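Asker: Okay, here's the structure, questions in a sec.
Any read-out appearing in this document is the output of simple, stated calculations on the displayed coordinates, not a laboratory observation. Bear in mind that the values here come from a model prediction, so they are computed numbers and not experimental data. Note that each Cβ is placed from the backbone with ideal geometry, even for glycine, and that neighbours are counted across all protein chains shown.
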Amino acid sequence: MKIIAFAGSNHSNSINKKLATYASSLFKNCEVEVLDLNHYEAPLFSIDTEKVIGQAEEAKSFLEKINSADILVVSLAEHNGNYAAAFKNLIDWCSRIEKGFFQNKPMLLMATSPGARGGKSVLEIAQNNLTRFDANIQAVFSLPSFNENFDLETNRITNADLDSELKQNVQKLQILIDEESAYNFS
């Protein structure tokens, strides 16, 4: 089974990428690939730009990665209560190529921030919006106060309760993986 993990952020030192990387490391018997949105930086979407260039190559490359996944681990940055512009732009391009670009693949949807709400505003938006693009959100996790609850040296959550909550969410998806593997071998 293959996991594609990424942060909905183009920050070079994204805390959401750190969370997505940690969460994806908790899965057993899976190949994990962590994407960097900086490698999929498409021009700002507009109908006019689309008429000139057609489908953005960066969006096509991103969709190839999504196509290769069995499970998606996504952690969204929150900018002013909403998606980061880089993620929203990629959604705009991808949805023009394939409206259901998440292809009903099981998703662990997360967010973190330095603040006490842990990106809950963007999670609410994503839970309502990403299903339009066939996101199959199986579990949701918010890590509040990133700087107090995540150790950058060990790259793991330090708050035992929050770490346990994330591990329970991972276990929920792990069961799906194990059931799918058992089904494919029978």
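Asker: In the Gaussian network model of the chain, springs joining C-alpha atoms below 10 Å, which of A85, A135, A23 carries the largest mean-square fluctuation?
Answerer: Among A85, A135, A23, the largest GNM mean-square fluctuation belongs to A85.
Asker: Would you work out if the stretch 78-186 is rounded, prolate or oblate? Take a ≥ b ≥ c from the square roots of the eigenvalues of the alpha-carbon gyration tensor; rounded if a/c is under 1.5, else prolate when a/b is larger than b/c, oblate otherwise.
Answerer: oblate
Asker: When DSSP beta bridges are limited to those with both residues in the stretch 65-186, what percentage is antiparallel, rounded to the nearest 5?
Answerer: 25
Asker: Okay, next question. Per DSSP H run of at least 4 residues, take -39500 (n - 2.57); add these up for the chain, divide by its residues and hand me the 222 nm value, nearest 500 deg cm²/dmol.
Answerer: Computed mean residue ellipticity for the chain: -14000 deg cm²/dmol.
Asker: Still on this structure, please answer the following. What are the residues whose amide H is under 5 Å from the amide H of A84, where those residues sit 5 or more places off or on another chain and H is modelled from the backbone?
Answerer: A77, H79
Asker: Taking R0 as 25 Å, what FRET efficiency do you get between N136 and H11 from their Cβ-Cβ distance, rounded to the nearest 0.05?
Answerer: 0.40
Asker: Scan the chain and report its longest stretch carrying no trypsin sites (Lys or Arg not before Pro) that are both in a DSSP loop and have at most 12 other Cβ atoms within 10 Å.
Answerer: The reported range is 100-186.
Asker: Within a 10 angstrom radius of the beta carbon, how do L108, L173 rank from fewest other beta carbons to most?
Answerer: L173, L108
Asker: Taking the chain as a Gaussian network, where each spring joins two C-alpha atoms under 10 Å apart, which residue of S142, S121, S12 fluctuates the most?
Answerer: The residue that fluctuates most here is S12.
Asker: Any idea what the dipole of the stretch 66-186 comes to, in debye rounded to 20, about its Cα centre with Lys/Arg Cβ at +1 and Asp/Glu Cβ at -1?
Answerer: Using only the charged Cβ atoms, the result is roughly 440 debye.
Asker: Students often get this wrong, so check it: of K28/K88; K65/K99; K51/K88; K60/K99; K28/K172, which have C-alpha atoms separated by over 21 Å?
Answerer: K28/K88
Asker: Between I175 and N147, what FRET efficiency follows from the Cβ-Cβ distance if R0 is 41 Å, with the result rounded to 0.05?
Answerer: Computed FRET efficiency for I175 and N147 comes out at 0.80.
Asker: If you don't mind, there's one more thing I want to ask. Most fluctuating residue of A77, A116, A56 in a GNM of the chain with Cα springs under 10 Å: which is it?
Answerer: Top of the fluctuation ranking is A116.
Asker: Another question about this same structure. Considering every Cα-Cα pair within the chain, what fraction, in whole percent, is farther apart than 20 Å?
Answerer: Pairs farther apart than 20 Å: 52 percent.
Asker: Right, here's the next one. M110's amide H: which non-local residues (gap 5+, or another chain) put their own amide H closer than 5 Å, with H modeled 1.01 Å from N in plane and none for Pro or chain starts?
Answerer: V74, S75, L76, F141
Asker: Which of E58, E33, E78, E148 has the fewest other C-beta atoms within 10 Å, and how do the rest follow up to the most?
Answerer: Ranked by crowding around the Cβ, least crowded first: E148, E33, E58, E78.
Asker: If each residue's Cβ is checked for other Cβ atoms within 10 Å, how do T131, T112 rank with the fewest at the top?
Answerer: Starting with the residue having the fewest Cβ neighbours, the order is T131, T112.
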